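Undergrad: If you scroll down you'll find the structure; I have some questions about it.
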Amino acid sequence: MTISKPLFVYLQRPDNGEWVTVGRYLLEKESKTGKFRYAPSYERAGMSWSIDPVNLPFIPGVEHIASRYHGLHDVLRDACPDTWGKLLIQREHGIPADSHESRYLALSGNADRWGALAIGTSRHPSISVLEQPRLPQLEALAQELIAIFERKPPINAKLRKRLVATPSLGGARPKATVQDGDQFWLVKPYLPTDTTDIPLLEHFTQQWGIACGLNFAETVHHRLSDGLSVVRVLRFDRHGKRRIMAMSGASLLETQYPGGGTESSRWSYPRMAEELKRIGAPPEDQLELFGRMVFNAIAGNDDDHPRNHAAIFQAKENRWRLSPAFDVVPNPDEQPKTLTLQLSMGRYDISREAILSDAIRFGFDDRAAADSYLDSLLERIALAFPVVETLLSSDLLTLMTKRLQNNLNLLSRTGKIKTRLWHF
């Protein structure tokens with residue numbers, strides 16, 4: 001039986017920021033069986049943080065077998081790049097597109113990796129530190145991302161080399177990190193293949209969520225030279241030199257993404273609310289998730305798949321919490337009638353009944369309490385729209401106004417929302 005060379009997993013401690021070896025990963029190549037074991041030194045040092053409380057609970061001496069991703073544990077898959085980062089690695093290292101996930105894990109750099117984990121071949125942590133582009137380089141960064149996307153030669157060779165060295169971030173769209181003081185922001189430019197101004201639409205939607213009183217990641221929109229549209233999104237897994245433990249909604253739901261069939265049957269808002277409770281998140285996080293589900297239904301964001309949700313470890317509270325909402329982008333091309341995650345058991349349809357059928361699983365005392373909360377939430381969403389609608393271009397304003405009218409009517413108690421709640 002051929003066993004891969006071990007990959008050691010390092011963790012930046014949430015209490016003091018020191019790097020420690022948290023465990024070891026091995027892959028049996030023929031059977032594609034992945035094994036993870038917490039390091040004995042980690043236990044002897046009195047540390048017991050679980051890097052994934054759902055799939056990798058801290059149990060000294062136990063060898064955890066990976067049941068998904070062809071033998072890669074969920075939280076390690078979270079630390080891998082997705083479509084965009086994989087494409088960069090394939091180009092840089094000449095590896096096949098169907099390479100095992102663990103190869104992408106090993107080849108992607110630690111400097112920009114999501115969350116507080118790092119990967120290496122040494123038993124002792126050696127974490128690369130790469131100076132991130134600064135905010136004044138935003139335009140050059142955006143232009144270079146587009147050039148990579150279009151397979152064009154480097155505009156700025158030094159910047160291109162830096163971007164290719166840090167292909168760890170998730171998602172399908174070109175992106176990179178820019179630093180501004182102690183804050184780190186994801187930069188996502190408009191692409192020539194976009195059918196509308198996606199960066200502007202994402203910025204508007206994130207700001208709309210904030211105006212509703214929901215916990216959405218902060219964004220800033222930029223209109224650069226030649227009208228280039230760019231959005232930057234505040235990273236919730238970084239602050240200064242400190243990295244924050246994170247796990248995706250897919251890991252939380254014990255499901256694989258992408259995936260279909262039986263896997264997608266586990267994609268569920270109510271289940272995610274219950275898992276949040278199980279890992280120690282407070283009741284307000286379940287309500288927050290309910291709010292995001294309703295918001296996504298109103299906005300028509302049917303890209304609400306499991307990897308577009310996450311939990312983070314809050315060191316001050318010493319517990320896991322629901323992360324700020326991110327990648328909330330309404331479908332710009334058609335009016336969605338369903339979401340990707342179930343709103344209730346077996347129900348994906350954007351309807352009041354689908355939202356309320358399993359509402360008790362979000363922590364409501366009864367159906368009546370959920371019914372009343374939904375009405376107040378719809379009012380908040382409607383009242384917040386005029387606060388941020390000036391951010392939109394005329395075509396996007398027309399799109400989102402129609403979307404709001406349609407979905408408010410679908411979800412309101414009487415089928416018609418009171419017109420006093422909004423102006424058009």
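Undergrad: Report the Cα centroid-to-centroid distance between the stretch 11-28 and the stretch 316-356 in angstrom, as an integer.
TA: What the calculation gives is 32 Å, centre to centre.
Undergrad: Another question, then. Take the Cα pairs of the stretch 232-379, get the Kirkwood Rh, then feed it into Stokes-Einstein at 37 °C and 0.692 mPa s and tell me D in µm²/s.
TA: Approximately 208 µm²/s, per Stokes-Einstein.
Undergrad: Let me ask something else about it. Given that compact globular proteins tend to follow 2.2 N^0.38 Å, what is the ratio of the alpha-carbon Rg of the stretch 155-248 to that value?
TA: Taking N as the residue count of the stretch 155-248, the ratio is 1.15.
Undergrad: State the Cα centre-to-centre distance between the stretch 37-79 and the stretch 135-212 in whole Å.
TA: Result: 32 Å between the Cα centres.
Undergrad: Right, next: Summarise the accessible area of the stretch 74-226 (1.4 Å probe, protein heavy atoms) by the percent that is carbon and sulfur. Walk me through the numbers on the way to the answer.
TA: On the way: 3270 of 6380 Å².
Roughly 51 percent, rounded to a whole number.
Undergrad: Between the stretch 288-313 and the stretch 364-382, what is the C-alpha centre distance in whole Å?
TA: Answer, in whole Å: 17.
Undergrad: Can you give me the accessible area per residue for the chain, using a 1.4 Å probe, in Å²?
TA: Averaged over the residues of the chain, the accessible area is 42 Å².
Undergrad: At 0.36 nm per residue, minus the direct Cα-Cα distance, what do Lys402 and Lys277 gain on full extension? Give it in nm, one decimal, please.
TA: Contour length minus the Cα-Cα distance gives 41.4 nm.
Undergrad: Need the list of lysines near Lys316 for cross-linking: C-alpha distance under 23 angstrom, and skip anything on the same chain fewer than eight residues off.
TA: The reachable lysines, counting only those whose Cα sits under 23 Å from Lys316, are Lys241, Lys277.
Undergrad: Once you sort the root eigenvalues of the Cα gyration tensor of the stretch 1-157 as a ≥ b ≥ c, which label holds: rounded (a/c under 1.5), prolate (a/b larger than b/c) or oblate (the other case)?
TA: Numbers: a/c = 2.59, a/b = 1.49, b/c = 1.73.
Verdict is oblate for the stretch 1-157.
Undergrad: Give me the dipole magnitude in Debye, nearest 20, for the chain about the Cα centre, with unit charges on the beta carbon: positive for Lys and Arg, negative for Asp and Glu.
TA: 920 debye
The values are calculated or read from the model by the stated rules, or taken from the named source; none is laboratory data. Being a predicted model, the structure only gives us computed values, none of them experimental. Cβ atoms come from the backbone with ideal geometry, glycine included; neighbour counts cover every protein chain shown. We work out accessible area using only protein heavy atoms, side chains counted, and drop any ligands, DNA or RNA first. Shrake-Rupley method; radii C 1.70, N 1.55, O 1.52, S 1.80 Å.
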